[in-house]
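Data first, discussion second: the structure below is written as structure tokens.
Each reported figure results from applying straightforward, stated rules to the coordinates on display, with no laboratory input. Keep in mind that this is a model prediction, so the values were computed, not measured. Virtual Cβ from ideal backbone geometry, glycine too; neighbours counted across all protein chains shown.
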Amino acid sequence: MSLTTKIENKRPGYSLVTLSGRLDGQTFAECEAQIAPLLVPSTKIIMFDMTGLNYISSMGLRIVLKVRKFVEGNNGSFHMINLQPQIEKVFEIANLLGDMKLFVSVEEADQYFDAMQMKVLNNEI
């Protein structure tokens, strides 16, 4: 499955980014390229609508964190809305890790996130 990235400029300095599909090792580069023009000092609000996002890997997390760091570093605000349960679980896991290095590689992190998302989809957690 692919990723669709739709960007709407709601007003000057405020953009809504709607993600649908999979944000993973195969789709992150195109997504990052589409979002790059938003990463300018005049951008004060970026909101990610993740209604249609059904999978996120560590590379997807990296994009989200990069955007958040940039916007908040320029005294703006970053928001995410409509996270699917399995996506929310990945963010929950990532927040619990803090600065701790738990994974040996990107591949290991992706395998873990994949397994956790499948458990959520199968109502195992």
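Tally Lys/Arg at +1 and Asp/Glu at -1 over every other residue whose Cβ is under 15 Å from the Cβ of ASN123; what's the total?
Neighbourhood net charge equals 0.
Taking a threshold of 23 Å on the Cα-Cα distance, which of the pairs LYS66/LYS89; LYS66/LYS119; LYS44/LYS66; LYS6/LYS119 fall above it?
Details: LYS66/LYS89 19 Å; LYS66/LYS119 27 Å; LYS44/LYS66 15 Å; LYS6/LYS119 29 Å.
Beyond 23 Å between Cα atoms: LYS66/LYS119; LYS6/LYS119.
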Determine, for GLU124, GLU32, GLU72, the number of other Cβ atoms within 10 Å of each Cβ, and report the residues in order from fewest to most. GLU124, GLU72, GLU32
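Once you list every other residue whose beta carbon is under 11 Å from the beta carbon of SER58, what net charge do they have if Lys and Arg are +1 and Asp and Glu are -1?
-4
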Sequence-distant or interchain residues sharing an amide H contact under 5 Å with LEU3, placed H: which? ARG22
Exposure proxy order (Cβ contacts within 10 Å, fewest to most) of THR27, THR5: THR5, THR27
In vacuo Debye scattering of the chain, one point per C-alpha: log10 I(q)/I(0) at q = 0.09, 0.18 Å⁻¹? -0.25, -0.97
Could you list SER58, SER77, SER2 so that the one with the fewest beta carbons within 10 Å of its beta carbon is first and the one with the most is last? SER2, SER77, SER58
